[in-house]
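Novice: Mind having a look at this structure? Questions to follow.
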Amino acid sequence: MRLSEDQRQQVLTLLSVGMRQIDCAAQFQISKSTIHKIARSAGIRKNSTDPLSPEMERRVIELAIQGHGEPYIAKTLAVPGHRVRGVLHRHVLARTGSSEPRERLSLLEERLLRSKQRRFEEAMATEFAVSLEVIQRLLRRRRK
């Protein structure tokens with residue numbers, strides 16, 4: 001099957017936003033080598049080091065914080081694993097393979113942790129029918 005010029009442009013658009021060549025080939029029901037030729041003719045390299053769009057980076061970070069690993073994120077977002085790995089390392093979200101806890105959290109993780117702690121405190125206050133201040137005072141006293 002021969003692609004129209006419009007379809008070729010769609011392929012290039014999908015590749016430029018990070019879609020894998022094999023996924024693009026499946027979507028258009030053509031061979032991966034055809035996609036590779038289209039990409040090569042347009043100067044798009046398969047393992048490009050161009051950064052992901054801010055929106056795509058945000059989605060990678062969200063999935064990582066939810067506990068998903070690099071292969072799952074790459075497949076879900078249809079982006080190369082090395083790009084996902086780069087985002088995770090930049091934001092200190094990569095799993096080190098070590099059982100030791102990390103010494104620091106990224107700003108994004110700190111915000112998420114504070115937000116979860118706040119929701120937990122609010123739930124406790126509701127459950128025990130006390131004010132949020134009582135719960136916070138109790139937790140502060142416990143830390144000392």
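Read-outs: derived from the displayed coordinates by stated rules, not from any lab. Please read all numbers here as calculations on a predicted model, not as lab measurements. In this analysis, Cβ positions are derived from the backbone assuming ideal geometry, glycine residues included, and neighbour counts consider all displayed protein chains.
Novice: Per 0.36 nm of contour for each residue apart, how much would the distance between Arg114 and Ala78 grow if the chain were fully extended, relative to their Cα-Cα spacing?
Specialist: 9.9 nm
Novice: Grab the Cα-Cα distance for Glu55 and Gln10, subtract it from 0.36 nm times how many residues apart they are, and report the gain in nm with one decimal. Spell out each step's value before the answer.
Specialist: Numbers: separation 45, 0.36 × 45 = 16.20 nm, distance 1.94 nm.
Length gained, Glu55 through Gln10: 14.3 nm.
Novice: Give me the distance in nm between label points sitting 7 Å out from Cα along the Cα-to-Cβ direction at Glu133 and Ile65, one decimal.
Specialist: For Glu133 paired with Ile65, the spin-label model returns 3.0 nm.
Novice: Further question on the same structure: Expressed in nm to one decimal, what extension gain is obtained for the pair Ala42 and Ala123 from 0.36 nm per residue of sequence separation less their Cα-Cα distance?
Specialist: Taking Ala42 through Ala123 to full extension adds about 23.7 nm, to one decimal.
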